[in-house]
Amino acid sequence: MKIFNPLLIGLAMRNEKPNQIKIPDKLYFKIGEVSKICGLPTHVLRFWESEFKKIKPRRTETGQRSYTRKDIETILKIKHLLHEKKFTIEGARKYLNARTEPDSLTGQGVLEELKVELKSIRDMLDDN
């Protein structure tokens with residue numbers, strides 16, 4: 001009979017890449033569960049919550065943090081950037097923000113940006 005020990009799972013997951021870690025199929029996770037899944041102390045999760053706006057756990061009526069699967073995936077990406085890739089916190093923040101900027105543009109916004117760029121190229125060609 002195997003005994004389930006979440007601490008050992010957390011230790012085993014410390015060396016895993018973010019996409020290799022299995023996240024249990026649940027809607028919400030408490031901070032202790034996230035800590036064990038990610039292999040990080042709870043104080044690090046709370047600190048990263050203040051440093052990265054992408055980590056937004058909702059609060060329960062009792063004030064406990066309630067993380068979603070998306071929050072955990074973001075935490076795992078941040079952990080990978082900071083621990084394996086040796087990014088600084090500022091560098092990781094910029095990297096994550098740069099990766100999501102194109103998604104935030106609407107189709108109309110992309111067209112407007114392209115139009116402005118093409119006009120500037122045309123103006124440069126007209127000057128020559």
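Counting only helices (runs of 4 or more DSSP H) that sit completely within the stretch 22-128, those holding 2 or more residues that are exposed (fewer than 13 other Cβ atoms within 10 Å of the Cβ) correspond to 42-51, 89-104, 107-127.
Applying a threshold of 8 Å to beta carbon distances and a minimum spacing of six or more residues, or different chains, the list of pairs starting in the stretch 104-125 at a residue that is under 27 Å from Lys54 (Cβ atoms) and ending at one that is modelled with pLDDT under 80 and outside any helix (DSSP H, G or I) reads Glu113/Leu105. Report yes if Ser50 is within 20 Å of Lys22 (Cβ to Cβ) and of a type in the set (S, T, N, Q), otherwise no. Spelling it out, it is not the case that Ser50 is within 20 Å of Lys22 (Cβ to Cβ) and of a type in the set (S, T, N, Q).
Listed by first and then second residue, the pairs linking a residue in the stretch 34-54 that is on the phi > 0 side of the Ramachandran plot to a residue that is surrounded by 14 or more Cβ atoms within 10 Å (Cβ to Cβ) and in a helix (DSSP H, G or I), with Cβ atoms under 8 Å apart and 6 or more places separating them unless they lie on different chains, are Gly39/Gly10; Gly39/Met13; Gly39/Lys79.
The values are calculated or read from the model by the stated rules, or taken from the named source; none is laboratory data. For clarity, every value in this text was computed on a predicted model and none was experimentally measured. Virtual Cβ from ideal backbone geometry, glycine too; neighbours counted across all protein chains shown.
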